[in-house]
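The values are calculated or read from the model by the stated rules, or taken from the named source; none is laboratory data. Since we're looking at a predicted model, the values are computed, not measured. Virtual Cβ from ideal backbone geometry, glycine too; neighbours counted across all protein chains shown.
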Amino acid sequence: MCAIEVDTSDWKKPHSVEFLCVTVQNNYYKSVVICVKYRTNYITDDLYNLDLLFDYLCNLGKRVYVLGDFNV
C-alpha cells in the first residue's frame, strides 16, 4: 500500500474536503487506487475542488474506487 500525494495548491479556499488516497496491489494483480473522501460542511468551492481531485485520479491510468460521505 502506498499513499498518493495530491497537489491541492490550485484548490479554491475555503473548502471542507478531506481525503486519503492509496494505491493497493495484491500479489501480481493490477494495482487499484482507493480514495476515501469526506466533506464536513457545504461550501460551494468544494464542487470545484472535487472536480480537480477526480480529474487527477482519472489521469492516473488505474482503476479508482472513491468511497465516503459527499454530503451533497
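Out of all the residues in segment 13-28, is one or more in contact with a helix residue (DSSP H, G or I) (Cβ under 8 Å, 6 or more places away or on another chain) and surrounded by fewer than 11 Cβ atoms within 10 Å (Cβ to Cβ)?
Yes, segment 13-28 has at least one match.
For segment 39-60, which positions are part of a loop (DSSP other than H, G, I, E, B) and more than 17 Å from residue 1 (Cα to Cα)?
Listed by number, the residues that qualify are 40, 41, 42, 43, 44, 59.
Being among the β-branched types (Val, Ile, Thr), assigned to a loop (DSSP other than H, G, I, E, B) and modelled with pLDDT of 90 or more, is that true of even one residue in segment 28-38?
For segment 28-38, residues among the β-branched types (Val, Ile, Thr), assigned to a loop (DSSP other than H, G, I, E, B) and modelled with pLDDT of 90 or more: absent.
Give 10, 51 a once-over and let me know the one that is charged (D, E, K, R), touching a residue at least 24 places away in the same chain (Cβ under 8 Å) and exposed (fewer than 14 other Cβ atoms within 10 Å of the Cβ). Working first, answer last.
Details: 51 fails: touching a residue at least 24 places away in the same chain (Cβ under 8 Å).
Checking each option against the conditions leaves just 10.
Against the definition (in contact with a Lys or Arg (Cβ under 8 Å, 6 or more places away or on another chain), of a type outside the set (Gly, Ala, Ser) and surrounded by fewer than 14 Cβ atoms within 10 Å (Cβ to Cβ)), how does residue 69 come out, yes or no?
So residue 69 fits the description; yes.
Answer with yes or no whether residue 37 is more than 12 Å from the chain's Cα centre (by Cα) and either loosely packed, with under 13 Cβ neighbours inside 10 Å or of a type in the set (Lys, Arg) (or both).
no
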